[in-house]
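The values are calculated or read from the model by the stated rules, or taken from the named source; none is laboratory data. Since this is a predicted model, take the numbers as computed values, not measurements. Using ideal geometry, Cβ is built from the backbone for each residue, glycine included, and neighbour counts are taken over all protein chains shown. What goes into the accessible areas is simple: the full protein's heavy atoms, side chains included, and nothing from ligands, DNA or RNA. Shrake-Rupley method; radii C 1.70, N 1.55, O 1.52, S 1.80 Å.
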Amino acid sequence: HAGSDTDRDRLYFTGRLEDGRSFAAVESSWKPSFHINNADLGKAGALLSGIPYTVHASHLESFSGRETLARLEFCHYRERRKAFSILGDAGIPSPDGSMKPAEAFLSGLGIRGPLGVQGEFRQGRSVDMVFPHPRLTALEEAAPVRLRIDSIDIETDTKSGAIRAIGFSISDSSFENLKSAVAVVAPPDFSFPGAGTVSGVMFHSDEKSLLEAFIAGIQQADPDVLTGWNFLDFDFPRLAERCGRLGVPFVLGRSSESAKFFERGEGKSASALVPGRQVIDALRVTRSGPERFSDYRLETVARSVLGEGKLVALDGREKIDELDSLYASDPVSFGNYCLKDAELVFGIFKKTGLFRLTMERSALTGVMLDKAWTSVVSFERIYGMELMKRNIAPDFPSDAAVSGAAGGTILEPEPGLFANVAVFDFRSLYPTIIRTFNIDPLSHARAYGITGRTITAPNRAVFLRDPGILPSLIAGYFASRGDALKKGDAIAGHVYKILMNSFYGVLGTSSCRYGRTELAGAITSFARKWLLLSRDWFSREGYRVLYGDTDSLFVVSGLSDSSSYDEFGSHCAALAEKLNRFLGQRIHSEYGLESFLELRFEKAYRRFMIPPLRSRRDGDAPGVLRGRAKGYGGHLIARDGTLSVEVKGMEAVRRDTTELGRRLQLELLELVFSGAGEDLFLKHIRHTIAELRAGVLDMDLVYRKRLSRPPEDYTASTPPQVKAARALGWKGRRGTVEYIWTTLGAEPASARNSPIDYDHYIDTQILPAAESIASVMGWTKLAAGGGKRRRRSGDFESGQMELEW
C-alpha cells in the first residue's frame with residue numbers, strides 16, 4: 001500500500017516482507033514538484049506570486065519533443081496542490097501535476113512490483129517493522145511474498161439496517177490454511193454466557209460490542225487485503241455507516257486514521273481507503289476474470305466453480321424471511337451461514353487462481369491491487385514508467401474529443417447450412433498490428449513534420465519507424481507469455497494476454513491521456529486491410545468464405561464428412577502457413593517491415609449454420625436473404641471426433657433468454673445438424689409446448705437481469721426487472737433480479753402471486769428459438785398460417801393445423 005501524509009509532507013509505504021513480517025517505510029526527504037512548459041514560466045510567476053517555489057531546469061524532454069520543460073519545486077505539498085489548481089484554472093497545463101505523490105515517487109524509482117527495503121528499523125505499533133529512512137529499490141525478481149487476506153461477510157436486519165453477524169476468514173495468498181470466526185448479536189430471549197462462545201459462534205449482547213470486537217480482530221490479524229463478495233457495494237459501506245452511527249472508531253488500517261468509503265460517482269465505482277491495507281471486491285475481480293457466469297451472485301459462482309454454495313440458497317423475499325426465522329430460532333446456524341459466505345470467497349479465489357491473477361497484474365503494471373483491473377490506470381502507469389526510463393515526460397492531458405474508431409470489420413455473412421467449415425483466426429490481431437506497424441503514442445506524436453522515416457496507416461495516421469515503446473512492450477509480453485505457457489503457468493499467460501488486448505481500447509478512449517482517435521483508427525484500419533486481403537486470397541485459392549469478423553474467417557474447407565479432426569488440422573495449417581507467407585511478403589514489399597501477423601486454424605464444424613436477418617434492409621431485392629452478423633451455430637468437431645453444438649450470438653446465449661429458450665434452441669440445432677427433417681423438428685416443438693402448459697418446465701421460465709442502478713432511479717420507464725425489484729422492496733440496491741412473466745406481467749420468481757403466462761413464453765422463447773433455424777432450412781410449416789402468434793398455440797398442439805399462429 002502506498003499513500004501520503006501531506007500535512008507533514010511525507011510518503012508512507014506498507015506491505016509484507018518475504019519472511020512474513022509486516023513493515024512500514026516512511027519517506028520524508030521527497031520534495032513535491034511538477035513540470036510546466038518553459039514558455040509558461042512568465043505567466044505562472046505572476047499567478048503564483050504568493051506561493052514560495054523554486055524553478056529548476058528539467059532533465060525530462062517534453063512528450064512531443066517540441067517544447068522544453070521547467071520543474072517547479074515546493075516546500076510543502078499543500079503549496080504544490082494550490083499552485084497546480086491555480087495554473088490549471090488559468091489554462092497552463094502540466095504533464096505530471098495530476099499524479100499522486102506516491103505514484104510519482106515510485107515511478108521515479110522504477111518500482112512497479114517487488115521492491116527491496118534497506119535501512120535501520122524499529123518496532124512499530126501496527127506493523128512489525130518501521131523504516132524511518134528507507135532505501136527503496138526495484139527488484140526484477142524476488143521470492144514470492146504471501147500476503148495475508150481477510151474475507152468478510154456481514155448479515156443485517158433488512159428493516160433497521162443493524163448488523164446482526166460478521167464472519168471473517170483469514171488466510172495467506174496460498175489459501176492453504178484458513179482461520180475463521182463469526183460473531184453474532186444475540187437475538188432476544190437467547191441465553192448465552194455473557195459475551196461468550198456457543199458451538200463455535202461468539203455472541204455479543206449488542207451491535208456496538210460486535211463492531212468493536214470485529215475491529216479489534218482486524219487489528220490483531222493484521223491482514224494486507226480486505227475482501228468479500230460485493231464488499232464495496234454492500235458490506236464495507238454498511239460497516240462504515242453503522243460504526244459512525246454507534247460512535248465506534250472505524251479504524252481498520254495500520255494507522256489511527258479512520259477508514260473511508262467513497263460512493264459511486266458518475267463513471268466511477270464505489271471505493272474505499274484503509275490506510276496500510278488494500279480493499280478489493282471479490283465480485284469485481286471475478287467479473288474481470290476469464291470465466292463467464294450466467295449471473296454473479298455468490299451462490300451461482302460458487303456452485304459453478306466449487307460445486308457447493310451458500311447454506312441458504314433461496315433468493316429475494318423468501319431468503320430474507322428464511323434468514324429472519326433462522327436468526328430467531330437458531331442463531332448458531334445463522335452465524336455459520338454468515339461465515340460460509342466469507343469462506344466461499346477463498347474457495348473461489350483458490351480454485352480459479354483469480355487472486356494470484358490480480359497480484360500478477362498488479363506486479364506487472366505497478367498499479368495497486370484495488371486498481372489492478374482498471375485498463376486506463378494500468379496503461380498510463382506502464383507507459384509512463386517506460387517514458388521515465390527514456391527521460392521523457394508524460395503527455396499533457398488533452399481535452400480533445402476521442403471518438404474511438406470503427407469496430408472490427410464484419411464481412412457480409414452468407415445465410416444457410418454448410419458442411420465442414422473451418423475457422424481461421426489471427427493470433428492477437430490488434431497487438432500484432434501494433435507491433436508490426438509501430439503504432440505508438442510517442443512515435444505518432446513525434447512523427448509531426450517528419451518525412452521519409454515514417455509509416456502511414458490506411459487511416460492516414462503517421463508513425464516513426466524508430467522502434468516505439470508500445471511495440472517493444474508487446475514484444476516482451478509475447479515472449480513472457482510464451483515462457484509462462486511452456487512452464488504450464490496458464491495464470492501468468494492470461495495476465496499478459498488480457499493486458500496486451502486492452503491496449504486498443506485504451507488508445508480509443510478520452511479517459512486516457514494517450515488516447516487519440518487516429519491511434520485506434522490506425523489499428524482497425526490495418527486490421528480491415530489484412531482481413532479483406534485474406535478473404536480475397538482464400539477466394540483466389542478456390543475456397544468459399546462464408547463470414548468474417550474482426551480477426552476470424554469462416555471458410556468452407558472442401559473436406560468430406562469422413563475427415564477427422566487431425567485431417568482438418570493438417571489441411572488448414574498448411575493453408576494458414578501459405579497465407580502467412582503471402583501476408584509477410586506483402587507487408588515487406590509495401591512497408592519494408594517484418595510481419596508479426598499470424599493466421600491460425602482455430603476449430604472446425606461438421607455442420608455450420610448462419611441464420612438470416614429477421615427483417616429486410618432497404619434496397620434488398622425480393623427473395624434476397626442476408627445473414628445475421630455475430631450469430632451462428634455449429635456442430636463442433638472435438639479432437640476425439642465427438643460432436644457438440646456450439647452457439648454464438650443466437651437466442652441460446654442471449655442474456656434475455658430463459659433456460660427454456662436456451663435449451664430448446666440447442667436441442668433443435670442438434671436435430672438439424674444430425675439430419676432430422678421438418679416433421680421431427682415440429683414434433684419436438686409440440687412436445688415442448690405440451691410440457692410447458694403442463695407446468696413441467698416452470699423452473700426453466702425464470703428471467704435473470706441485472707439492475708445497474710437502484711429501482712427508484714428508473715423514472716422514465718419501468719422495465720420488467722425493475723418492476724420485480726420494486727415488488728421485492730428493493731431500495732438503494734443493485735444486482736441481479738429473477739422474475740417470471742405472469743398474466744399480470746413480471747413478478748419476482750421468489751414471490752409470484754399470479755398464474756404464469758405460457759403464451760408469453762411461446763411467443764418470446766420457443767418461437768424465436770425455432771424460427772431462426774426453420775428459416776435457414778427453408779421449412780415453412782412453422783408459419784404456415786401467417787397469423788398472429790398469441791392464443792393460437794392450442795391448434796398447433798392438437799396437430800389439427802400446420803403450426804399456425
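Details
- On the beta carbon distance between LYS648 and THR509, with R0 = 22 Å, the FRET formula returns roughly 0.25.
- Gain upon complete extension [VAL55, GLN118; 0.36 nm per residue less C-alpha separation]: 19.5 nm
- Inter-centroid distance (Cα atoms) of region 66-141 relative to region 538-607, Å: 51 Å
- A convex hull fitted around the alpha carbon atoms of region 1-146 yields 128 Å³ per residue.
- If you sort the three axes of the alpha carbon gyration tensor as a ≥ b ≥ c, you get a/c of 1.5 or more for region 163-224 and a/b above b/c, which makes it prolate.
- Heavy-atom surface analysis with a 1.4 Å probe gives region 351-448 a carbon and sulfur content of 53 percent of its accessible area.
- Extension gain, GLU241 to ILE410, is 55.8 nm, computed as 0.36 nm per intervening residue step minus the present C-alpha separation.
- Size of charge dipole - region 204-283 - debye, nearest 20, with Cβ of Lys, Arg +1 and Asp, Glu -1, no other charges: 120 debye
- According to the calculation over all Cα-Cα pairs in region 502-613, the P(r) per 5 Å bin from zero is 2, 10, 17, 19, 17, 13, 11, 7, 4, 1, 0, 0 %.
- Take the Cα of SER539, go 7 Å toward its beta carbon, and the backbone nitrogen atoms of region 407-448 under 14 Å from that spot belong to 411-414.
- Amide H within-cut-off set for ALA142, under 5 Å, with H built and near neighbours excluded: none
- Pairwise label distance in nanometres, GLU212 with ASP466, each label 7 Å out on the Cα-Cβ vector: 6.6 nm
- Net dipole in debye of region 157-237 [+1 Lys, Arg Cβ; -1 Asp, Glu Cβ; about Cα centre; nearest 20]: 220 debye
- Violating pairs (Cα-Cα greater than 21 angstrom) within the set LYS603/LYS648; LYS82/LYS268; LYS310/LYS371; LYS497/LYS529: LYS82/LYS268; LYS310/LYS371; LYS497/LYS529
- Here the gap between SER28 and GLU670, fully extended at 0.36 nm per residue and compared with their Cα-Cα distance, gives a gain of 224.2 nm.
- Take the Cα of ILE498, step 7 Å toward its Cβ, do the same at SER199, and the gap between the two points is 4.0 nm.
- Charge-dipole axis of the chain as Lys and Arg at +1 and Asp and Glu at -1 on Cβ define it, positive-most pick from GLY677, ALA445, GLY416: ALA445
- Here the Debye sum runs over all C-alpha atoms of the chain as equal scatterers in vacuum, and log10 of I(q)/I(0) at q = 0.06, 0.08, 0.10 Å⁻¹ comes out as -0.50, -0.89, -1.28.
- The H on the amide N of SER180, modeled in the peptide plane, is under 5 Å from the matching H of ILE170, each at least 5 residues off or on a different chain.
- Gap separating the Cα centres of region 691-758 and region 30-48, nearest whole Å: 58 Å
- Backbone N within region 404-443 under 17 Å of label point (7 Å from SER562 Cα along the Cβ vector): 420
- Relative contact order, percent, the chain [alpha-carbon distance under 8 Å, six or more residues apart]: 9 percent
- Per residue accessible area of the chain, 1.4 Å probe, in Å²: 45 Å²
- Between LEU532 and ASP19, the modelled labels are 6.5 nm apart [label points 7 Å from Cα along Cα→Cβ].
- At 0.890 mPa s and 25 °C, Stokes diffusion of region 576-725 via Kirkwood alpha-carbon radius, µm² per second: 122 µm²/s
- Per-residue ellipticity at 222 nm from helix content only, as computed over the chain with -39500 (n - 2.57) for each DSSP H run of at least four residues, stands at -11500 deg cm²/dmol.
- Taking only the Cα atoms of region 128-190, the radius of gyration and Dmax are 19.5, 60 Å.
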